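Pasting in a structure now, in structure tokens, and then I'll have a few things to ask.
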Amino acid sequence: MSVFSDKRVFGIKRNNVSGIVTAGQVSANDIILWTVFLLPVNIALFGAGQCLVAIGIFVGNVFAWLFLSKRMNAYTELSSKKIHNAPELFEARYNSPGLKNITSIIWIIALGMILVSVLRTLVKITSDFMDADRFICLLIIVVIMAFATMLLDNRTIGFFKTIIFAFLIFASVGTIVFIFSEYSASEILDLYRISGTPTDTSKYLNILYYKGAYVEISDVITMLSVGIGCIGMPLMYKGVINVRDIKGLDSSRIWAVIFSGLTLISTCMLSLLIIPMIHPTVLSSKRNFFEAYNLLYKALFKGKEYADSIRLFVLCIYILAIIILMESLMRNICEHVRGLVPSVKKNIPVTVKLIIDIVSILSVGIIVFLVVYFIDFDETKLIVTGWGICAGALAAPCIMALMWKNSTKNGILRGIETGLLVYLAWECVPIINNMTMHVATNVRADLIAFVFSLATIIIVSMFTKKTDKDERIIFERMRQNQI
């Protein structure tokens, strides 16, 4: 049986996952990247103003779940063509294998940037914590990811992700409750005053202040526009295809909003408590999420019975959350790589398909291993770039493919090209006084590239050939299903 058969990566066997499992495994992907990996240290260092990123992430997730998830599921069911993921939606919608391949390649690159960055950080954490060789840690983690991709089906891995995600929420909420049971509000405020926050307590806890100064409009745009990346990431589109039924899909939409909201709120609150709780220890900007939480739980449970056991248990939850994020990224990258192989549609022996599938996974694993071990890069910058590419180049095409009947193949293609070029030019090309537009305006390219991409799709679609009549009928039936 093929590694990418209905019980494995492609998830061809539809209607086999419950709503809460879908919500858990899909929400875990985008949310964990930010709430565990990126936001805690930044919020702790710069104050509540960084919580605007969390608001943007929440809005982006809610938009994707409320307006796009049901349409994706309905179109998949109504179309006579096989649709297993977002790239194949573009192929079916616009009868364009080339468009599918282009979106697959962009997603492979963007998700790959995020995967190698998260993986390198995890290797550093595990090797330092266990005093083990980084080469061995990296090899073990990559091998585990490859075997998980080959052997675990979507339902099994989705159930496991949901459990870990629930534990993550309970750990964050439980820690907050514990802190307020141990300290009164006045005691916590006193700790803020003496803990050396970058500004006074009132500004540090005020969402309208960032790095001690009143938040500028450029900062607001940059932080809120992070949420656009949630729409441009392919993970939600893949997840909603496998929902058991329409009732399950409605349930998953509700649970996804609940999961996202609880995780983002608890993360922001807990992150703002790190600095006073670890006093007199000072949190450095070079610290990663694991080191920050390790300092927090050491301080909270110091001198208490079973302190080390509780601390290690909670820290293991955060590590498992990162592992399931990497598994999702690895699985999606492998699926998109496999989709680029033309033989997937040919009538070839199962054994040959199996070999192609395994080679695809091993190839991705080897490339990821080599990049992490041999290439030097800034992990956070690479994650933000990969996320921004999804926001700038692919968010608008995903929206228009599911929301606008008159969008065309050429419109979508030109929109992808425009969004990608604008993003790269804005972030990388010195334009004003030898500065990039990002540096000159203090605004990241996510929103700018998204707007240009969206406008291009609309304008080009108005003047290019529409899709065939059969596809437009399917789109109209999908639209009526939302009423």
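Here is a yes/no grid of residues against (1) under 27 Å from Ala146 (Cα atoms); (2) under 20 Å from the mean Cα position of the chain (by Cα):
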{"residue": "Gly365", "(1), (2)": "yes, yes"}
{"residue": "Val372", "(1), (2)": "yes, yes"}
{"residue": "Ile389", "(1), (2)": "yes, yes"}
{"residue": "Ala393", "(1), (2)": "no, yes"}
{"residue": "Met403", "(1), (2)": "no, no"}
{"residue": "Asn406", "(1), (2)": "no, no"}
{"residue": "Ala440", "(1), (2)": "no, no"}
{"residue": "Val443", "(1), (2)": "no, no"}
{"residue": "Asp446", "(1), (2)": "no, yes"}
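Within the stretch 298-306, is even one residue in contact with a His (Cβ under 9 Å, 6 or more places away or on another chain) and not in a loop (DSSP other than H, G, I, E, B)?
yes
Give the residue that is modelled with the lowest pLDDT, with candidates limited to residues of the stretch 242-257 that are open to solvent by less than 70 Å² (accessible area, probe 1.4 Å) and among the β-branched types (Val, Ile, Thr).
Top of the filtered list is Val243.
Could you grab me the full set of residues in the stretch 421-445 that are among the aliphatic types (A, V, I, L, M) and open to solvent by 50 Å² or more (accessible area, probe 1.4 Å)?
Leu421, Leu424, Val429, Ile431, Ile432, Met435, Val439
Please tell me if Ala307 is in contact with a helix residue (DSSP H, G or I) (Cβ under 6 Å, 6 or more places away or on another chain) and small (Gly, Ala, Ser).
When the stated conditions are applied, Ala307 does not pass them.
Let me ask another. Being open to solvent by 70 Å² or more (accessible area, probe 1.4 Å) and in a helix (DSSP H, G or I) is the filter here; which residues of the stretch 446-471 pass it?
Listed by number, the residues that qualify are Val451, Phe452, Ile459, Met462, Lys469, Asp470.
If you don't mind, another one. Any residue in the stretch 103-124 that is out of contact with any helix residue (DSSP H, G or I) (no Cβ under 7 Å at 6 or more places or on another chain), within 23 Å of Ile474 (Cβ to Cβ) and open to solvent by 30 Å² or more (accessible area, probe 1.4 Å)?
For the stretch 103-124, residues out of contact with any helix residue (DSSP H, G or I) (no Cβ under 7 Å at 6 or more places or on another chain), within 23 Å of Ile474 (Cβ to Cβ) and open to solvent by 30 Å² or more (accessible area, probe 1.4 Å): absent.
Are any residues in the stretch 176-212 in a helix (DSSP H, G or I) and of a type in the set (A, V, I, L, M, F, W, C), and if so, which ones?
Across the stretch 176-212, the qualifying residues are Ile176, Val177, Phe178, Ile179, Phe180, Ala185, Ile188, Leu189, Leu191, Ile194.
Right, next: Quick test for you: out of Ser181, Ser266, Ser195, Ser186, pick the one residue that is surrounded by fewer than 22 Cβ atoms within 10 Å (Cβ to Cβ), modelled with pLDDT under 90 and within 24 Å of Met277 (Cβ to Cβ).
Ser195 is the lone residue from the list that is surrounded by fewer than 22 Cβ atoms within 10 Å (Cβ to Cβ), modelled with pLDDT under 90 and within 24 Å of Met277 (Cβ to Cβ).
A further question on this structure: Given the conditions (1) touching a Leu at 6+ places or on another chain (Cβ under 9 Å); (2) closer than 28 Å to Ile265 by Cα; (3) among the hydroxyl-bearing types (Ser, Thr, Tyr), report the number of the one that Ser127 does not fulfil.
Here Ser127 meets the rest and fails (2).
The values are calculated or read from the model by the stated rules, or taken from the named source; none is laboratory data. Since this is a predicted model, take the numbers as computed values, not measurements. Heads up, the Cβs are rebuilt from the backbone with ideal geometry, glycines too, and the neighbour counts pull from every protein chain shown. Surface accessibility is based on the protein's heavy atoms, side chains included, excluding ligands, DNA and RNA. Shrake-Rupley method; radii C 1.70, N 1.55, O 1.52, S 1.80 Å.
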